[in-house]
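Structure record follows, encoded as structure tokens.
The values are calculated or read from the model by the stated rules, or taken from the named source; none is laboratory data. Values in this document were obtained by computation on a predicted structure and should not be read as measured data. When we count neighbours, we look across all protein chains shown, and the Cβ atoms used for this are built from the backbone with ideal geometry, even at glycine.
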Amino acid sequence: MKQKEEIITILTILMLVSSSVNGNTTSTPETIIHLVLELPSGSPYIHDALYIAHHLRNIGIEVNVKTSCDWIWLWPWQILHNYDLFIEDLQGWGSPDMRDVYTEGGSWNRFRLGPDLPYYNQSEQIINEAVTEPNGINRIQLYHVWQNLMMDQIVPLLPLFTPRCYSCIWNNTQGYDLNWGLADSLPYMSYEGYHDGQVNLSEFNLASLNWGDLNPLFTGSMYSYCYYGQADSSRKITDLITEPILQVDPDNIPTTTGLVMDWQQVDPFHYKFFMRENVFWNPSLNITTRDAESESLLNATLMIGLKGEFSNGTNQKVSAKDAVFTLLASANSECSDISKRYNWISNCYVDKNDSLAFHIEIDGDANTPEKDLYMDFWSLLKIPLLPEFFLNSTSPMVSYTTGGAQCTGLYAEMITSPQWVAFSTSAFGCGKYLLDYFIRNSVIVLKKSPYWFGVGAIDGQIDMDLSINTLNIRVIPDRYAELAEFEVGKLDLLDLTPFTEKRKDFWNDGRWEVHSCNRESMSYLGFNLRRSTIGGEDNFIYLTESGKENYTVGSAVRKAICYAIDRDNINQEIYDGEHLISNSLMNPYWSRYYYEDIPTKYDYDLELAWEWMQAAGFQRPHISTTLLNYFQLSLILGSIVLFLIVRGKKIEKRR
């Protein structure tokens, strides 16, 4: 009996050894492709890159994630081209026109797209048609066709994520709408009682980083509702003291609720715009020497402009010449950092019979002798109106915009004139608030303007007034210090975006309301289409498999990579599932044109990934079976040895 028990024990141990060997194996596909994914040092996407590298091992692709110095990263693709993959942001730009990214001559063409690539010429033709199509519905359809062609046939990238923007406001504040932003919400905002820590119902307190130049020509024309960085802090202030030439809604559709209240199309290349009457410029106040103890703001010194003119709030009416000056100055590289965005303006002038009407003549390509249509300019008219009477000069000097429009009075040296320098810190507009005073590294204070024209941007309501008299924008560089100030009631609004761990607490706390919207950016994994294996010569070798003859070997590998990356997993693991997974190469910010239901989507599917890899000529590797846990095996073998030792001692005792 004892001998039988011993035999059973030994057999059991051997079975454990066998199960250990067979149960602790792993599927490790052999590496068949080596790729380099390059990021700038300090990139926020290093974790995304590591997850992508991990996922691609499942289809035999080994990715070397590298970082490079920022100064090398700026334009390496124009010099070195020594990367296969990269991760970048696609910003909202100023319009849905994506040619600067997805055409050969585009300054952000990191994919190295060009006319020799299959389907590129078709892609360029469609996108050119889209930006010149006057019919809105047809333009949307063209953008949809273009997006699917790019994502299906060319595959220059895998869209990753559009982050969400979050703000938190105390629940006693009514009328705030993150999608419209603070400046446009303010006429609708009021308080219902006090919140914790609040001491004044006529003030609104928020935080920011230090601001820089307040001249919109040097802070950009794109306005984000998720402010971060010095330029964004400047734009936050500019939004409050100015009004845009043209109002657009959160879907970037032009409205008649702003300074421009109507327009007409004269011909396909010519538009006439009509401005609202009886709108006045706020006083041209010099606030550089003011502080909290200064006398009434309306008694402050008035600045005199280059033409010897000033505004006291009632003597300077907004007119078409201000709109023309703003657009020509924006398009003129002598005095603007954003001139390339306005290279479609071939002429801009005040109507000869109506001082409140102005004309824009359009040429989508100034380098060709004939005029080209361009229709994606509307959102670019949402630029703060500048005071022509103050910033323009009487100089007869002639210069030209990036689109070839003639300008008189604009010249390079004017940006260093005392008037332009003063405007950078004492800016004024025709907006809802006036700059009162600032203390560097501490606070900037704004007061309600008694001269604002009183039309709400959201719904066009007239005769509106502001219930909030004072805005205090405190400089708080430490985001956690900002959070602490908000929680005790010293701030009325908080950018909640950085505080992932606190967001659920704010959602569930009845004292606050959390607002969210999509940011104006989209991350993506880009392909260098000139690198071998994922591109290069393989871009010109077509597949032979039935049903796939219209695809090349290079595009097949790129499609396989797209299918092999589990974006939902990355979203959950890194971003707590809060980001929007993007499915097209156009930023979802342009919701009117973004192809939400695009037929070619790259949802995670390893079988489809291998299908495309095999179509490209790569064989699915045999799975290698190896022992994983040598520690467990040692324990089992040790147990056998221990059993034999104990058994030997028992035999000795019986003897």
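Of all residues in segment 131-149, how many are part of a helix (DSSP H, G or I) and touching a residue at least 40 places away in the same chain (Cβ under 8 Å)? Step through it out loud before you land on a result.
Pass one, segment 131-149, residues part of a helix (DSSP H, G or I): 131-132, 136-149.
Add one more test, that the residue is touching a residue at least 40 places away in the same chain (Cβ under 8 Å), and what stays is 131-132, 139-140, 143-144, 147-148.
Number of matching residues: 8.
Taking segment 167-196 on its own, how many of its residues are surrounded by fewer than 20 Cβ atoms within 10 Å (Cβ to Cβ) and on the phi > 0 side of the Ramachandran plot?
The qualifying residues number 2.
Report yes if residue 463 is assigned to a loop (DSSP other than H, G, I, E, B) and among the charged types (D, E, K, R), otherwise no. Write out each step before concluding.
Values: assigned to a loop (DSSP other than H, G, I, E, B): yes; among the charged types (D, E, K, R): yes.
Answer is yes for this residue.
Tell me whether segment 565-585 contains one or more residues that are among the charged types (D, E, K, R), surrounded by 19 or more Cβ atoms within 10 Å (Cβ to Cβ), assigned to a loop (DSSP other than H, G, I, E, B) and assigned by TED's automatic domain parsing to the domain that holds residue 54.
Quick first cut of segment 565-585, residues among the charged types (D, E, K, R) only: 566-568, 573, 576, 578.
From what is left, the residues that are surrounded by 19 or more Cβ atoms within 10 Å (Cβ to Cβ) are 566-567.
Subsequent filtering for residues that are assigned to a loop (DSSP other than H, G, I, E, B) retains 566.
Now narrow it down to the ones that are assigned by TED's automatic domain parsing to the domain that holds residue 54: 566.
Scanning segment 565-585 turns up at least one residue that is among the charged types (D, E, K, R), surrounded by 19 or more Cβ atoms within 10 Å (Cβ to Cβ), assigned to a loop (DSSP other than H, G, I, E, B) and assigned by TED's automatic domain parsing to the domain that holds residue 54.
Can you tell which of 285, 297 is over 37 Å from the mean Cα position of the chain (by Cα) and farther than 29 Å from residue 399 by Cα? Reasoning before the result, please.
Working: 285 fails: over 37 Å from the mean Cα position of the chain (by Cα).
The conditions single out 297.
What's the number of the only condition in (1) hydrophobic (A, V, I, L, M, F, W, C); (2) in contact with a Ser or Thr (Cβ under 9 Å, 6 or more places away or on another chain); (3) surrounded by 19 or more Cβ atoms within 10 Å (Cβ to Cβ); (4) modelled with pLDDT of 95 or more that residue 323 fails to meet?
(2)
Just checking, which of 149, 160 is buried (at least 22 other Cβ atoms within 10 Å of the Cβ) and within 26 Å of residue 603 (Cβ to Cβ)? First the steps, then the outcome.
Working: 149 fails: buried (at least 22 other Cβ atoms within 10 Å of the Cβ).
Of the residues listed, the single one that is buried (at least 22 other Cβ atoms within 10 Å of the Cβ) and within 26 Å of residue 603 (Cβ to Cβ) is 160.
Of all residues in segment 380-428, how many are part of a strand (DSSP E or B) and in contact with a Leu (Cβ under 8 Å, 6 or more places away or on another chain)?
First pass over segment 380-428, keeping only residues part of a strand (DSSP E or B): 384, 398-400, 406-408.
In the following step, the residues that additionally are in contact with a Leu (Cβ under 8 Å, 6 or more places away or on another chain) were identified as 399, 407.
Matching residues across segment 380-428 total 2.
Filter segment 480-521 for residues that are assigned to a helix (DSSP H, G or I) and either closer than 30 Å to residue 581 by Cα or not assigned by TED's automatic domain parsing to the domain that holds residue 233 (or both) and give the result.
480, 482, 483, 500, 501, 502, 503, 504, 505, 506, 507, 508
What residue, among those in segment 344-379 that are outside any loop (DSSP other than H, G, I, E, B) and hydroxyl-bearing (Ser, Thr, Tyr), is surrounded by the fewest Cβ atoms within 10 Å (Cβ to Cβ)? Give the derivation first.
Narrowing segment 344-379 to residues outside any loop (DSSP other than H, G, I, E, B): 345-350, 357-362, 378-379.
Within this subset, residues satisfying the condition of being hydroxyl-bearing (Ser, Thr, Tyr) are 346, 349, 379.
Numbers: 346: 21, 349: 15, 379: 22.
Among those residues, the one meeting the criterion is 349.
Looking only at segment 197-211, count how many residues are surrounded by 17 or more Cβ atoms within 10 Å (Cβ to Cβ) and either of a type outside the set (Gly, Ala, Ser) or without any contact (Cβ under 8 Å) to a residue 60 or more places away in the chain (or both). Working first, answer last.
From segment 197-211, those surrounded by 17 or more Cβ atoms within 10 Å (Cβ to Cβ) are 198, 204-209, 211; that's our starting set.
Still in the running and either of a type outside the set (Gly, Ala, Ser) or without any contact (Cβ under 8 Å) to a residue 60 or more places away in the chain (or both): 198, 204-206, 209, 211.
Looking only at that region, the number is 6.
Output the qualifying pairs, or none if there are none: Cβ atoms under 6 angstrom, residues six or more apart or on different chains, first residue in segment 30-57 and in contact (Cβ under 8 Å) with a residue 24 or more places away in the chain, second residue of a type in the set (Val, Ile, Thr) and in a loop (DSSP other than H, G, I, E, B).
Taking only residues 6 or more apart or on different chains, the pairs are 33/533; 52/565; 55/565.
From the set of residues in segment 507-520 that are surrounded by fewer than 20 Cβ atoms within 10 Å (Cβ to Cβ) and either under 26 Å from the mean Cα position of the chain (by Cα) or of a type in the set (Lys, Arg) (or both), which is modelled with the lowest pLDDT?
Filtering segment 507-520 for residues that are surrounded by fewer than 20 Cβ atoms within 10 Å (Cβ to Cβ) and either under 26 Å from the mean Cα position of the chain (by Cα) or of a type in the set (Lys, Arg) (or both), the one modelled with the lowest pLDDT comes out as 517.
Which number in (1) modelled with pLDDT of 95 or more; (2) surrounded by fewer than 16 Cβ atoms within 10 Å (Cβ to Cβ); (3) farther than 30 Å from residue 513 by Cα marks the one condition that residue 72 misses?
The number of the failed condition is (1).
So which pairs qualify, if the first residue must be in segment 256-267 and within 14 Å of residue 453 (Cβ to Cβ), the second must be of a type in the set (Phe, Trp, Tyr), the Cβ gap must be under 6 Å, and the two must be at least 6 apart or on different chains?
These pairs meet every condition: 260/273.
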